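Bear in mind these aren't lab numbers, they're just calculated from the coordinates by the rules spelled out. Please read these numbers as outputs of a predicted model, since none were measured by experiment. Using ideal geometry, Cβ is built from the backbone for each residue, glycine included, and neighbour counts are taken over all protein chains shown.
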Amino acid sequence: MDAAISLDQALDLTRTGDIWIFRGRSGPDRAIQTLTNSPVNHVGMSLVIEDMPPLMWHAELGKSLPDLWSGTFQRGVQLHDLRDAVTVWAQRYGQRGWLRQLEPGVTRTMEDKALKTVARLDGTPFPSSAQLAWRWVRGRVPQVRPRRWQRTPPGDAGLETAYCAEVVAVTYEDMGLLPRGRQPNWYDPGRFWSGDELELCAGFTLGDEIVVELPAT
């Protein structure tokens, strides 16, 4: 985590599928870090489509920014202007931020699949603290593999609420970057930290964390 770039440089550099991870010092932030045994507590994904400004696809409890898919202020799964989202997480929530770049770059077909996931999941509510803790625990329970002749159901089937890591994981699955078979609640922000060594499909990899110098409060 030695390399550091400005937010402007990060926005110019980022492409669809890149991962943004954040670490804060508040009580809830520390609780998530402790529970997941990782130094981070929030994760989001870049969406950079043609000449549009970079976007952040993630889920959060707050509704401080307009959701660019629905055009409303809402809690839960949201699509935000990336600069605005990172600035809010730095200034309002007191977070540090890092960028992990996806290599190689994704195809147009993969971007289209990501947008279909946005259309499906945008506006999904954020879980309560109790739901979040319970689902994280359940995600660590070994799952029974389906018989060979049984079709594995989509990972987000019946996903009535979603937190940040689930949103990124389901989107990665739909793009073909993560294998099917795990429930979304297996993922937490720490899974997307380099220390967890998350294995991607089809030769894709996530680079090391690049420190992004975020705007001061």
Worksheet item: Ranked highest first by average number of other Cβ atoms within 10 Å, how do 51-61, 160-170 line up?
Response: 160-170, 51-61
Discussion item. With the crude spin-label approximation of a point 7 Å out along Cα→Cβ, what separation in nm comes out for Cys201 versus Thr109?
Written reply: 1.2
